[in-house]
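Here is the structure we will look at, set down as structure tokens.
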Amino acid sequence: MGTYCPERLMTEIEQKRKEMISAAKETGFLSVQTILASQELAKLLNVVQEEQFISAK
């Protein structure tokens, strides 16, 4: 996986978090929209974790 701009990644994470919260409020915690946003957020957070792991080596 390539390297990412930390500021951009954090911005994307914050936007996706807000999208997930909004979806949960509007459509419920178990809606497809909320679950998809949650999964996308998890992928972004995994990128951060991988980047931290690589830089710790």
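The values are calculated or read from the model by the stated rules, or taken from the named source; none is laboratory data. Computed from a predicted structure; not experimentally measured. Glycine gets a Cβ as well: all are built from the backbone with ideal geometry, and neighbour counts include every protein chain shown.
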Residue list for region 22-37, restricted to those being among the aliphatic types (A, V, I, L, M), surrounded by fewer than 13 Cβ atoms within 10 Å (Cβ to Cβ) and in a helix (DSSP H, G or I):
V32
Kindly provide the set of residues from region 9-56 that are modelled with pLDDT under 95 and of a type in the set (D, E, K, R), ordered by number.
E50, E51
Pairs returned, first residue in region 8-28 that is under 24 Å from E51 (Cβ atoms), second residue that is among the β-branched types (V, I, T), beta-carbon separation under 7 angstrom, 6 or more apart or interchain, are L9/V47; L9/V48; M20/T34
I'd like the residue in region 38-47 that is under 14 Å from P6 (Cα atoms) and surrounded by 15 or more Cβ atoms within 10 Å (Cβ to Cβ) and, out of all such residues, is farthest from the chain's Cα centre (by Cα).
V47
